[in-house]
1. Out of the DSSP beta bridges found with both residues in the chain, what percent are antiparallel (nearest 5)?
2. Per residue of the stretch 263-276, what does 6.51 cos²θ - 1.76 cosθ + 1.60 with θ = phi - 60° give for ³J(HN,Hα)? Whole Hz please, x for Gly and Pro, Karplus curve as stated.
3. Taking N as the number of residues in the stretch 54-170, what value does Rg over Cα atoms divided by 2.2 N^0.38 Å take?
4. Can you give the net charge of the other residues whose Cβ lies under 14 Å from the Cβ of Ala212, counting K and R as +1 and D and E as -1?
5. Given the whole protein assembly as supplied and a 1.4 Å probe, what does the accessible area of Phe291 come to in Å², nearest 10?
6. Based only on the alpha carbon positions, what is the Kirkwood hydrodynamic radius of the chain, in angstrom?
7. Search the structure for amide H atoms under 5 Å from the amide H of Phe134, placed 1.01 Å from N in the peptide plane, and list their residues when 5 or more places away or on another chain.
8. So what's Rg/Rh here for the stretch 1-65, counting alpha carbon atoms and using the Kirkwood radius for Rh?
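The values are calculated or read from the model by the stated rules, or taken from the named source; none is laboratory data. None of these values were measured; they are calculated from a predicted model. Here the Cβ positions follow ideal geometry from the backbone for every residue, glycine too, while neighbour counts run over all protein chains shown. SASA here: full protein model, heavy atoms, side chains in, ligands and nucleic acids out. Shrake-Rupley method; radii C 1.70, N 1.55, O 1.52, S 1.80 Å.
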Amino acid sequence: MDLLELRVARRRQEAADVCSLELVAPDKRLLPAFTPGAHVDVHLRGGLVRSYSLCDAPGEHRRYRIAVLRETASRGGSAAVHALREGDVVAVGAPRNHFELSPDAGHHLLLAGGIGITPLLAMAHWLSRQRASFALHYSARSQDRAAFVGEVRESFGTRAHLYFDEDGPDRRLPLSDVLARCDATTHLYVCGPGAYIEWVLATARAAGWAEARLHREHFAAPVRPSDNTDASAFEVQIASSGLVIRVPPDRSVADMLHASGIDLPLSCEQGICGTCVVRVLEGTPDHRDAFLTPAEWAANDRFTPCCSRARTPRLVLDL
Ligand code: FES
């Protein structure tokens, strides 16, 4: 896919450790369209590629606006974004969306934890413009660490609910009550830290919400007990050529595919973005990602080679 060379037209400090960037075409060309919840891959120094959600509603063709939290445990991506200055040029992939609004929903319940506000902000702008029924619940540790608070309050009024941990335990998101007030046509969309997402999904499941009504986007991979502590060797076979590649315990499938000259797109390399998803024709994957849903895991016909492994001695991949 062709990359867009975009210029940083504006850089703003949105909150402590959160900056936003407005990326535009240097020749003022209109940018490819996107849908609410979409993200772009930003190609950074040192060959890093990171996915960031677009914050504006679809219909914004002159800029892509992203916001990035500087992670203390950054593997380089967030620090590289924070180092960008107005006038710098970065390569950006065309928008993609793994976090779509459901066309079947009668009401949309948007739940944001911290920097997880970014795709939900785009959704809320879009739903507001469409006069669709929605509510946005935005939780953060403190107001000075929460990006876009002013924009959220001004744009969405009583449909926005903000919760700051610093205000005390009785001011936190009353999730069970919020879920109980929703009818069966409501779809839930959650984005934020892994523990926040797991809490929201577990609470909704316990309250009887069907999996098809739950939508999530991760920013960081949740820690899974199986992560690489029990890794063993297995083989992958490339269906188109018959090539068999051994995957040792300390290497990922993606590593070994690349080492064998097979071009596989990668972005997060943590099982959260879905860039690397490959169809599995034979064998059973050991899913270790946070991208596929439980139903997709159970189907076992796709997996994420950046982090997932195999339960059977060999996987045949549709490559
Ligand atoms: Fe992001 Fe594999 S590269 S899920």
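1. Rounded to the nearest five, the antiparallel share is 55 percent.
2. 7, 10, x, 9, 9, 6, 6, 10, x, 10, 9, x, 4, 8
3. Output field value: 1.16.
4. Numbers: positive: Arg205, Arg213, Arg216; negative: Glu100, Asp104, Glu211, Glu296.
Summing Lys/Arg as +1 and Asp/Glu as -1 gives -1.
5. About 40 Å², ignoring ligands and nucleic acids.
6. Numbers: mean 1/r = 0.0483 Å⁻¹.
For the chain, the Kirkwood estimate is 20.7 Å.
7. His108
8. That ratio is 0.94, to two decimals.
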